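Chemist: Before I ask anything, here is the structure I am working with.
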Amino acid sequence: MFKIVMNILDTAGVQSTNSFKDSGIKGTLILALVENIQETDDNIRLILSNIKNLDKIKYHICSDVKLINIIVGIQSCSSKHPCPYCETNNLENVDTFTEDRTLGSIRHSASAYKSAGSNKKVAQHYTNCINQPLLTGDDHERILDICAPPELHLLQGIVKHVYDNMYKNWPHVSLWLDKINVKPTNYHHGSFVGNDCLRMLKNVDILQQMAESHDKHIIQKYVHILRCFYDVVKSCFGMTLDPQYDTYINQFKYAYKDMDITITPKVHILLMHVPDFITKHNRSLGWYSEQTLESVHHDFKRNCWEKQGYKRSIGHPDYSQNLTKAAIVYSSKNIS
Ligand SMILES: [Zn+2]
């Protein structure tokens, strides 16, 4: 089921007891719900455009980068200007900041792109802005101030990228996964699930021991980079912010630059935009985690849709009515 949910945050400061858990699925409202739908640009824009009055509340979009790009109106992460937060066309440069994307900059470029005939072959001349943002707000508002950097997908994407590069150099690394009980079958959308990523980061000592009896030199840098990344995760992912987070991100940056692996959009976002976001809000990324959606998905399906007898097959005369009812019952219970 494709869902859009709203998580209500107590800005007075409720702390989670588990630093890596999301802020809880209580307080979550289901705003939109569609079964059997592909996450295409057009479908997502159609659903989002029907959600009204967002401008009446203070909100953050908490979603993966793919969806953020669609919402703000730019092309995918494989385009020339892949970052939703800035106009960089060179991810490898992590020392110079590029112009921030704002609602106004995207609106302007998307209009120019349309006036020029909406030819995707030349979209890069318009910083890959191809649609008007689906967000209300003034032109000067920065995308970084509206769309939170997605903690879970940054964790998954960066661990997977480092692991894949390590595997290319040293296929024995798969034995490390066996030892720490991280199974390839746990791959989810082409990456490790969040808990497996954390297990890998927590068990770098075992990787180091294995590397010492195999090919220490090649793997040493990867061990170092995973340790640095774990320091970052402990300091500013989850619900508690370590004031040293900036130092840890910098140490990760230097460790990363010391390696001959590409800077992905997610690594770029961590290095170039996460410090800015955290400084502004003085909160760790867990407060804005997109993980809530994963919890809601299972909770709604099992405990409401199926268990409470609402479930009908698509096409059944009661389907639409029951789906709406289930969403209302679920949301009402969460905020009562
Ligand atoms: Zn950027």
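Chemist: Rounded to a whole number, what % of the accessible area of the range 69-142 do carbon and sulfur atoms account for, probe 1.4 Å?
Modeler: The nonpolar share, carbon plus sulfur, comes to 46 percent.
Chemist: For the range 266-336, divide the Cα radius of gyration by the Kirkwood radius and give the resulting Rg/Rh value with two decimals.
Modeler: Ratio value, two decimals: 1.22.
Chemist: Between S332 and Y59, what is the spin-label point distance in nm, taking each point 7 Å from the Cα along the Cα→C-beta axis?
Modeler: 2.2
Chemist: Using DSSP to define loop residues, name the trypsin sites (Lys or Arg not before Pro) in the range 47-84 whose beta-carbon has at most 12 other beta-carbon atoms within 10 Å.
Modeler: Filter output for the range 47-84: K52, K58.
Chemist: For I30, enumerate residues with amide H under 5 Å from its amide H, sequence gap 5+ or separate chain, H modeled in the peptide plane.
Modeler: Placed amide hydrogens put M6, S331 under 5 Å from I30.
Chemist: Report the FRET efficiency, 1/(1 + (r/R0)^6), for S320 and D258, where r is their Cβ-Cβ distance and R0 is 41 Å, rounded to 0.05.
Modeler: 0.15
Chemist: Which aspartates and glutamates does K183 reach when only Cα atoms under 17 Å apart count, and residues fewer than 8 places away in its own chain are ignored?
Modeler: Leaving aside aspartates and glutamates fewer than 8 places away in the same chain, those within reach of K183 are D164, D196.
Chemist: Based on the alpha carbon coordinates of the chain, what radius of gyration and maximum Cα-Cα distance (Dmax) apply, in Å?
Modeler: Considering the chain through its Cα atoms, Rg and Dmax are 21.2, 65 Å.
Chemist: Could you tell me whether the range 199-305 comes out rounded, prolate or oblate from its Cα gyration tensor? Rule is a ≥ b ≥ c as square roots of the eigenvalues, rounded for a/c under 1.5, then prolate if a/b exceeds b/c, otherwise oblate.
Modeler: oblate
Chemist: Summing Lys, Arg as +1 and Asp, Glu as -1, what charge do residues with Cβ under 14 Å from the Cβ of Q156 carry, Q156 excluded?
Modeler: Net of charged neighbours comes to -2.
Chemist: Another one. If you roll a 1.4 Å probe over the heavy atoms of the protein chains, what accessible area per residue do you get for the chain, in Å²?
Modeler: Result: 50 Å² per residue.
Chemist: Would you mind calculating the relative contact order of the chain from Cα pairs under 8 angstrom and at least 6 residues apart, reporting the percent as a whole number?
Modeler: After rounding, I find 23 percent.
Chemist: Let me know the volume per residue of the alpha-carbon convex hull for the range 69-142, in Å³.
Modeler: 76
Chemist: Now for a separate question. What net charge is computed for the residues neighbouring Y113, neighbours being all others with C-beta under 12 Å from the C-beta of Y113, Lys and Arg scored +1, Asp and Glu -1?
Modeler: Combined, the nearby Lys, Arg, Asp and Glu give +4.
Chemist: Residue-wise, which Karplus ³J(HN,Hα) couplings in Hz belong to the range 230-239, taking 6.51 cos²θ - 1.76 cosθ + 1.60, θ = phi - 60°, and x for glycine or proline?
Modeler: 4, 4, 4, 4, 5, 7, 9, 8, x, 9
Chemist: Beyond 17 Å, what share of the Cα-Cα pairs of the range 38-89 is found? Please give it as a whole percent.
Modeler: So the portion of pairs separated by more than 17 Å is 42 percent.
Chemist: What's the local net charge at S313, with K and R +1, D and E -1, over the other residues with C-beta under 15 Å away?
Modeler: Once positives and negatives cancel, what remains is 0.
The values are calculated or read from the model by the stated rules, or taken from the named source; none is laboratory data. As the structure is a prediction and not an experimental result, all values here were calculated from the model. FYI the Cβ positions are ideal-geometry reconstructions off the backbone, even for glycines, and counts take in every protein chain you see. Heads up: the accessible areas ignore ligands, DNA and RNA and are worked out on the full protein's heavy atoms, side chains in. Shrake-Rupley method; radii C 1.70, N 1.55, O 1.52, S 1.80 Å.
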